[in-house]
Structure formats: structure tokens, C-alpha cells
Amino acid sequence: MVMTRVLFRNAKVWDATGAESFPGDVLVEGGRIKTIAHTLNQLSGDGATVVDCNGMTLLPGLVEGHAHISFGGAVKDSDLGLIPPEEHLLLTMRNAKTLLDHGFTSAYSAATSKLRLDIVIRNEINAGRLPGPRLRAGSPEITVTGGLGDERQQHMYHESFGMIADGVEEITKAVRLCCREGADNIKINISGDDLSPAAHGGLTVMSEEEVRTAVSVARDFGKKINCHARAANSVKRAVKCGVDVIYHCESADEEALDMLESAKDRIFVGPAIGIIYGTLYEGEPWGFTHEMAVKFGMQRILDDSRAVYTELRKRGVRALIGGDYGFAQTPQGTNARDLKHFVDLLGYSPSEALQCGTRLGGQVMGLGDELGMIKEGFIADILLVNGDPLKDLDMMVHEENLVVIMKDGELYKDQSKSVSVQKKAA
Ligand SMILES: [Zn+2]
């Protein structure tokens, strides 16, 4: 086996510890970061592909913390149920490549919209047959009758992205089925949603017994478990029953905040703010006027999210980027917009937002001691970008600024020889 060696020379290294960037050279060998030199031109480039970084910023590959790689272009939740399996697989395959093309070298799935979509794409990526991020495959959203993802009507069946299960027995079977088929992350919908007809976001519709069952079966199979939780009671139920990743949380009250804080070494939260912003301000072409979005609670969710995530940030609760990209108003490939949303809408500093999208992402992938940082011994998932993300996070959204994309020590994209470097900051 040929051991790929790549030497990044003269980079501005942002290592995701939270420290300032520093000038350095980085040597990659055998898929790992082998050496980081703080003095330039000390490392030998013998036998290595040398990438001249010209002072551009080198940082860890991004981790999408709320991935729905099987979602694409949906206007309504119910649209996802209408896609035939064959087209849906191809869509998921294209989305996986789109994510990697946009600097996401890892993705933690928040849910798939058909049971085996994430799983087969993950297997193809791992086998080297398809380009895409390192993926933790999601289950469909396991939901109770009347919950988010149950689109059925009494007189007519409707397919959706949900997997409906009621009571301990059905929940047990649904989670076991997802585990048997190969999901890495199980998803349960504890609360409703504001755009969902029967159960709005303030309701907690999955019983404590059902949540506890789902967590316990997921644990039996060694899987992680995520939930959809908007209402304060849903958040409390999730923490109490041992859920790993708790999405949304914007209605958390003082007691829920205390519970999240007390579990901060174990859990992650994710505001999924991109879809809220997109629906409020960019939904018009798909029929969501700003007035409609406000009526459906999007402004309230945005305001509550700012207050809750300001508090969670102060308390050291780990938050993930990922804003339900894959709907019409949140196209796949624009996922890195969440970085700037974290700053503009939730009050994070640019460095904190980038850490949510890199180091904390490595942790939620279950690889906290080897993924998500520029650190010796870590997996070489590396971006070289033309511009300074700490001064302008929006630059991360644009594919043309991603000069090098490296995954697992392999150069997936390298335009370092053709790029004209932006005027360096003095
Ligand atoms: Zn989602």
C-alpha cells in the first residue's frame, strides 16, 4: 500500500482549540496529521505532495451536526414521502457529494427519510465507491400517531419521512428494525412541530415510557439517539431518559436549562436555526411569505433560540451547527451558513461557531480524540480556504473559496496551484 504523504507549507493554522491562528507547516501521512511545525520550512517534503498554502487558512473539515442527506428541495414535510425510492437514492447520493464539495468531511445524521437511504450511502462512501462525508447514518424519525411525521388521514394512507410507532412494544420493534438495518443514530420525535397539523411544537406527545424504551433499545445495540424536542417538557424528558443529542430546545425553561447543564458532559444540543431563518426571510419563492412564517411561530422560535442558546453557551453546553438543510429554502450545499447564523442570530463568536462546526462535531461523531482538530495524531480531514473565516464566516459557504478539501489524508480537491490568493491581512 502506498502511504500518501502531503506537506502543507506556509499555512495559517486554525486548530479548533479556540486559540488564535498561527503560521505553520502541517505534514500528513497515512491518513493522519503526523507533524505540526510552528516554524516554517522545517519539515522535509521528501516523497510528499507539497501544497504551497501561501498564508491561506488551514482548518479542520466541517462536521454537519444535523444532517438530512436524503432531504432535497422539499417545500412541505409531506413532499419527502412522495419521492419514489429509486429517485430518492440518487438524490441522497448527489447530496452526499454536494456536502463534501462544500467542505463537510463528516456528517452526523439527524434522520433519514426512508429507512435504508443513509445506510447504503454510508456503506458506499466507506467502500470508496462514492464521494461523500464520513457519515453516521440516521434512522427515520420514529414518531407516535399524530406526531411530527405522521401525515396519514383517517380515510387515506400517506407516506412520509416518519416511522410511526406507539407504545413500548412498537417502539421497541421500530428501534430494533433500524438497528438491524444498520443505522448509527436513532431519531425520535418527542415534541410536535409548529408546521405539523395535529401536534404543535409546544406539545410533548411521545410518552416518557416510549422515550425511555427507545433509548434503552438504542443502547442495547450500541447506537446513539437523537430527538426532536421544542417544548420545555420534551427537553426535560429527553435529558431524564438519556437521549444523546437534543435538537431545537428553544422553549427550554429554567428547569430544562439546569437539566441540560447538569448533563453537559454527555449531551449535545442543536438549534437547527438555518430553517427558521430561511422560512422567515427566504421562503417567498416557495409560498412562505414573511407574514405566514411569523404566524407559524418562526419569529418566536428565532427570538427564543437566541435567549436559550445564549444561556446554554454561558453554561458550557455543547451546540452543533446544522439547520435542517435539504428543504427548498435551505438547499443542500449551503449548510455552512449556519456558522454565520450562530454569530448573527445566536450571539456566538466566530471562533466559537467554528468550534461547534469542527471540534464539537468530531465529538458527536464519537471520535472526539481523533477528529475535528488540527492536532498531531488526528484524522487528516483538512480544509485550506482562501480568506479568513474568523473575519468573514460567510466565505465558508462558497465552494470557490475552498481551495483544498482533504478527507482521511487524501486530497479530494486541490486547487492550490491555480488559486489567486486574496490580499493577505497585514
Ligand atoms: Zn431535522
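Quick notes on this one:
- Selected residue [in contact with a His (Cβ under 7 Å, 6 or more places away or on another chain) and at pLDDT below 95] from Ser44, Ser78: Ser78
- Scanning the range 135-142 finds one or more residues that are touching a helix residue (DSSP H, G or I) at 6+ places or on another chain (Cβ under 8 Å) and open to solvent by 10 Å² or more (accessible area, probe 1.4 Å).
- Among (1) within 16 Å of the ligand (Cβ to nearest atom); (2) in contact with a Gly (Cβ under 8 Å, 6 or more places away or on another chain); (3) of a type in the set (Ser, Thr, Tyr); (4) under 26 Å from Gly362 (Cα atoms), the one test that Ser139 misses: (2)
- Set side by side, the residues Asp304, Asp265 differ, and just one is away from the ligand (no atom under 16 Å from the Cβ), over 14 Å from the mean Cα position of the chain (by Cα) and closer than 24 Å to Leu203 by Cβ, which is Asp304.
- Set Asp408, Asp414: member being at pLDDT 95 or above, surrounded by fewer than 23 Cβ atoms within 10 Å (Cβ to Cβ) and within 30 Å of Val243 (Cα to Cα): Asp408
- Taking residues in the range 161-181 that are under 22 Å from Leu80 (Cβ atoms) and open to solvent by 10 Å² or more (accessible area, probe 1.4 Å), and partners anywhere that are among the β-branched types (Val, Ile, Thr) and in a helix (DSSP H, G or I), the pairs with Cβ atoms closer than 8 Å and at least 6 places apart or on different chains are Glu181/Ile119.
- Within the range 93-116, the set of residues being within 16 Å of the ligand (Cβ to nearest atom) and surrounded by fewer than 24 Cβ atoms within 10 Å (Cβ to Cβ) comprises Lys114 only.
- Residues that are of a type in the set (Val, Ile, Thr) and either open to solvent by 20 Å² or more (accessible area, probe 1.4 Å) or outside any loop (DSSP other than H, G, I, E, B) (or both) within the range 232-267 comprise Val235, Val239, Val245, Ile246, listed in sequence order.
- Residue within the range 282-294 that is open to solvent by less than 10 Å² (accessible area, probe 1.4 Å) and under 20 Å from Leu345 (Cα atoms) present: yes
- Checking each residue in the range 6-34 for being open to solvent by less than 30 Å² (accessible area, probe 1.4 Å), more than 19 Å from Ala353 (Cα to Cα) and in a loop (DSSP other than H, G, I, E, B) picks out only Gly31.
Condition check ((1) in a loop (DSSP other than H, G, I, E, B); (2) of a type in the set (Val, Ile, Thr); (3) closer than 25 Å to Ile379 by Cα) across all residues:
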position: Asn54; (1), (2), (3): yes, no, yes
position: His66; (1), (2), (3): no, no, yes
position: Ile69; (1), (2), (3): yes, yes, yes
position: Lys76; (1), (2), (3): yes, no, no
position: Thr98; (1), (2), (3): no, yes, yes
position: Ser106; (1), (2), (3): no, no, yes
position: Lys114; (1), (2), (3): yes, no, no
position: Arg129; (1), (2), (3): yes, no, yes
position: Ile142; (1), (2), (3): no, yes, no
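The values are calculated or read from the model by the stated rules, or taken from the named source; none is laboratory data. Only a predicted model underlies this, so the values are computations on that prediction, with no experimental measurement involved. Positions of Cβ are generated from backbone atoms using ideal geometry, with glycine treated the same way; all protein chains shown enter the neighbour counts. We work out accessible area using only protein heavy atoms, side chains counted, and drop any ligands, DNA or RNA first. Shrake-Rupley method; radii C 1.70, N 1.55, O 1.52, S 1.80 Å.
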